[in-house]
Amino acid sequence: MKPNQLLTHAFKKLLLWRLYNRYVIANAVIQADIKHTLQVRGSQVQYATIDKQFYHAMIYYPDYAYIFFWRINKLGYRWRYLFMNDLPCKLFRSTEIAGGLMCYHPFATVINAKSIGRNFQFRNGLTVGNKGNDNSQLPIIGNDVSVGANVVIIGAITIGDQVTIGAGSVVVKDVPSHCVVAGNPAKIIRRLDEH
């Protein structure tokens, strides 16, 4: 490593140590985000201690770094550029999202929901929002929901637990638990075994 790279690396480690001690060590939701990200990506670091998991996720997954800075309400953090590129993504602060949040390339994503359960996964081009610009008309999304690219979820609807939403789908009606939906408008294409 060149001297300036060594200095940057040492500075990043210092920042990560401070961020870990301030925000991660006692926060089960952030820890769930870290663990879920590493598990889904198949990283061997998922078996390491939580501090090593955090360092790995922040250094190698800029998508996770975005989620972390959103969680701590510091998307304007002065040194964020060391961990993430500019990701054109907007998560409304009013949206309650349980632990295990994970994204793949969150470009062109806007999420404005009433609530989202644990282990929510999404991909680029997701729009979750209100109907008719009325924030009382927001979706509720359950646990263990995985959303493909370019999906639209609009209105005062409920999406159940363990649902997979296919890429390009437009969801404007309630979706029951344990199924796969796809299409415009989205329809159930397969029910999942509940075991």
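Tell me which strands (runs of 3 or more DSSP E) are completely within the range 42-144 and hold 2 or more residues being under 18 Å from residue 165 (Cα atoms) and touching a residue at least 12 places away in the same chain (Cβ under 8 Å), or say none if there are none.
Filter on the range 42-144 gives 102-104, 109-111, 121-123, 127-129.
Identify all residues within the range 160-181 that are open to solvent by less than 30 Å² (accessible area, probe 1.4 Å) and not in a loop (DSSP other than H, G, I, E, B); write none if there are none.
Correct list: 163, 165, 171, 175, 179, 180, 181.
As an exercise: evaluate residue 88 against (1) in contact with a Phe, Trp or Tyr (Cβ under 6 Å, 6 or more places away or on another chain); (2) buried (at least 18 other Cβ atoms within 10 Å of the Cβ); (3) not aliphatic (A, V, I, L, M) and give the number of the one condition it does not meet.
(2)
Within the range 19-28, is even one residue crowded, with 18+ Cβ neighbours inside 10 Å, of a type in the set (A, V, I, L, M) and in contact with a Lys or Arg (Cβ under 8 Å, 6 or more places away or on another chain)?
Scanning the range 19-28 turns up no residue that is crowded, with 18+ Cβ neighbours inside 10 Å, of a type in the set (A, V, I, L, M) and in contact with a Lys or Arg (Cβ under 8 Å, 6 or more places away or on another chain).
Condition test on residue 81, is it hydroxyl-bearing (Ser, Thr, Tyr) and under 14 Å from the mean Cα position of the chain (by Cα)?
The answer is no for residue 81.
Go over the candidates 130, 184 one by one and state the one that is surrounded by fewer than 19 Cβ atoms within 10 Å (Cβ to Cβ), in contact with a Leu (Cβ under 6 Å, 6 or more places away or on another chain) and either at pLDDT 95 or above or not aromatic (Phe, Trp, Tyr) (or both).
130
Exactly one condition in (1) crowded, with 16+ Cβ neighbours inside 10 Å; (2) of a type in the set (Gly, Ala, Ser); (3) touching a Leu at 6+ places or on another chain (Cβ under 9 Å) is not met by residue 99; state its number.
(3)
Out of the residues in the range 145-154 that are among the hydrophobic types (A, V, I, L, M, F, W, C) and in a loop (DSSP other than H, G, I, E, B), state the one that is most open to solvent (accessible area, probe 1.4 Å).
149
Tally the residues that are in contact with a His (Cβ under 8 Å, 6 or more places away or on another chain) and either at pLDDT 95 or above or open to solvent by 50 Å² or more (accessible area, probe 1.4 Å) (or both), restricting the search to the range 46-67.
Taking the range 46-67 and keeping what is in contact with a His (Cβ under 8 Å, 6 or more places away or on another chain), we get 48, 63.
Filter once more, keeping what is either at pLDDT 95 or above or open to solvent by 50 Å² or more (accessible area, probe 1.4 Å) (or both): 48.
Final tally of qualifying residues: 1.
In this structure, does residue 157 turn out to be closer than 23 Å to residue 36 by Cα and either more than 16 Å from the chain's Cα centre (by Cα) or open to solvent by 20 Å² or more (accessible area, probe 1.4 Å) (or both)?
No; evaluated as a whole, the condition is false for this residue.
The values are calculated or read from the model by the stated rules, or taken from the named source; none is laboratory data. These numbers were taken from a predicted model, which means no experiment stands behind them. Neighbour counts are summed over all protein chains in view; Cβ atoms, including those assigned to glycine, are modelled from backbone coordinates with ideal geometry. The protein model used for the area step is the full one, side chains on, heavy atoms only, and it has no ligands, DNA or RNA in it. Shrake-Rupley method; radii C 1.70, N 1.55, O 1.52, S 1.80 Å.
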